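The values are calculated or read from the model by the stated rules, or taken from the named source; none is laboratory data. Because the structure is predicted, anything quoted here is derived from the model rather than measured. Positions of Cβ are backbone-derived with ideal geometry, glycine not excepted, and every protein chain shown enters the neighbour counts.
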Amino acid sequence: MKAVAKLLGALFVAAGLMSAGYFISKGLQHFQGGERAVSVRGLSERDVKADLAIWSIQYTVTDNDLAVAQTALKSQGDKVVAFLQAQGLPEAEVSVQRVDVTDLLAQQYRPDNIQNGRYILSKTYVVRTANVDLVDKIFRNLGDLISEGVIIAQSSGPSYIFTKLNDVKPDMIAEATRNAREAAQKFAEDSGAKVGQIKTASQGLFQIMARDDDNAPQSQVIDKRVRVVTTVEYYLE
C-alpha cells in the first residue's frame, strides 16, 4: 500500500509540474506575442541638377563609289564639328566613337535593283561635357545642322546624369530616419505610449526621377529629384 501511495504521489507531482510548465510556457508566449511595436516610414527628397551630359550624334552618307562616300563622310563630319564649336562646345569635349561601312552587295540578303547607294557609311560623334545647359541648347538647335544637308541617322537626345548621388546619401538617410521617428512619436502620443528602441530597420533604394514630369525618363531631363524611403519598426513602451 505504501508503494502504491508513493507511486500515486509521484504521478500527482509530475502532473503538477507538467501543468505548471504548460502555463509558464503560455505566459511567455502571451508576453512575447503581446509586445507593442509600430512600423513607420520616413521619406527624404532632394532636388538636384544633372552635372554630366553624354550625347551620341550619328550621321550617314551613301554612294555607289566608296571613295566618293568617304569624301562625303569627311565633309559632313566637318560640318558637325563646326556646328558644335559654333554653339560654344570645346573641341576637347567632342570625340569620334565609331565609323561603320556597309556594302549592300556584300550582304547575304541584299536588296534588289541597287542603283544608288551601294555603300552606306555612318560616323558617330560623342559629346561628353559638364555643361549640361549648353548641350540642351545645342540639341534644340539641331535643325540648323540638318538644314546644312547633314543626315542625322540616330540621335535619341542627350543623356543627363547626376553623378554626385553618394554626396547626398548620408544626409538623406539621416533625414528619412528622423522623419520615421517623428511619425512613430506621433503614433505613440495618440495611443498613450512612448517610443522605445528600434526593433527592425530597412532602407529602400535611392530613386532618381524627373523633377517636373512623372512620365518623362529622368535621363532626358536636367532637373531631377532624388528620393529614398526608410522603414523602421520601434518598440512601444
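Looking only at region 199-219, decide whether some residue is acidic (Asp, Glu), over 19 Å from Val38 (Cα atoms) and at pLDDT 95 or above.
Taking region 199-219 as the starting set, the residues that turn out to be acidic (Asp, Glu) are 212-214.
From what is left, the residues that are over 19 Å from Val38 (Cα atoms) are 212-214.
Now restrict to residues that are at pLDDT 95 or above: none.
Within region 199-219, not a single residue is acidic (Asp, Glu), over 19 Å from Val38 (Cα atoms) and at pLDDT 95 or above.
Residue check: is Ser155 modelled with pLDDT under 90, surrounded by 13 or more Cβ atoms within 10 Å (Cβ to Cβ) and closer than 30 Å to Val135 by Cα? Give the steps one after another, and end with the answer.
Details: modelled with pLDDT under 90: yes; surrounded by 13 or more Cβ atoms within 10 Å (Cβ to Cβ): yes; closer than 30 Å to Val135 by Cα: yes.
Considered against the rule, which asks whether it is modelled with pLDDT under 90, surrounded by 13 or more Cβ atoms within 10 Å (Cβ to Cβ) and closer than 30 Å to Val135 by Cα, Ser155 comes out as yes.
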Examine region 181-197 for a residue that is within 23 Å of the chain's Cα centre (by Cα) and either modelled with pLDDT under 95 or aliphatic (A, V, I, L, M) (or both), and state whether such a residue exists.
no
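Each row is one residue, and each column tells you yes or no for (1) outside any helix (DSSP H, G or I); (2) among the hydrophobic types (A, V, I, L, M, F, W, C); (3) closer than 29 Å to Trp55 by Cβ; (4) at pLDDT below 95.
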residue: Thr71; (1), (2), (3), (4): no, no, yes, no
residue: Leu105; (1), (2), (3), (4): no, yes, no, yes
residue: Pro111; (1), (2), (3), (4): yes, no, no, yes
residue: Gln115; (1), (2), (3), (4): yes, no, no, yes
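Just give me the residues in region 37-81 being within 35 Å of the chain's Cα centre (by Cα) and among the small types (Gly, Ala, Ser), in sequence order.
First, the residues of region 37-81 that are within 35 Å of the chain's Cα centre (by Cα): 37-60, 77, 80-81.
The answer is Ala37, Ser39, Gly42, Ser44, Ala50, Ala53, Ser56, Gly77.
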Looking at the structure I just gave you, is Tyr109 assigned by TED's automatic domain parsing to the domain that holds Leu145 and over 33 Å from the mean Cα position of the chain (by Cα)?
yes
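Just one of Gln207, Gln218, Gln203 is of a type outside the set (Val, Ile, Thr) and over 30 Å from Asp136 (Cβ atoms); which is it? Write out each step before concluding.
Details: Gln207 fails: over 30 Å from Asp136 (Cβ atoms); Gln218 fails: over 30 Å from Asp136 (Cβ atoms).
When all the criteria are applied, what remains is Gln203.
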It is to be established whether one or more residues within region 130-146 are closer than 30 Å to Val229 by Cβ and surrounded by 15 or more Cβ atoms within 10 Å (Cβ to Cβ).
yes
Picked from region 199-219 (must be surrounded by fewer than 15 Cβ atoms within 10 Å (Cβ to Cβ) and not in a loop (DSSP other than H, G, I, E, B)), the residue nearest to the chain's Cα centre (by Cα) is Gln207
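Before we move on, is Val168 under 26 Å from Lys74 (Cβ atoms), modelled with pLDDT of 95 or more and assigned to a helix (DSSP H, G or I)? If you could, list the steps in order and put the result at the bottom.
Working: under 26 Å from Lys74 (Cβ atoms): no; modelled with pLDDT of 95 or more: yes; assigned to a helix (DSSP H, G or I): yes.
No: the conditions fail for Val168.
Any residue at all in region 2-18 that's of a type in the set (Lys, Arg), at pLDDT 95 or above and not assigned by TED's automatic domain parsing to the domain that holds Ala180?
The first filter runs over region 2-18 and keeps only residues of a type in the set (Lys, Arg), leaving 2, 6.
Remaining after also requiring at pLDDT 95 or above: none.
Within region 2-18, none of the residues are of a type in the set (Lys, Arg), at pLDDT 95 or above and not assigned by TED's automatic domain parsing to the domain that holds Ala180.
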For region 48-85, how many residues are within 30 Å of Met209 (Cα to Cα) and among the β-branched types (Val, Ile, Thr)?
3
What are the residues in region 69-100 that are loosely packed, with under 13 Cβ neighbours inside 10 Å and of a type in the set (A, V, I, L, M), if any?
Ala82, Ala86, Ala92, Val96, Val99
Sort out which residues of region 42-71 are small (Gly, Ala, Ser) and free of Cβ contacts under 8 Å to residues at least 12 places away in the same chain, and write them in order of number.
Ala67
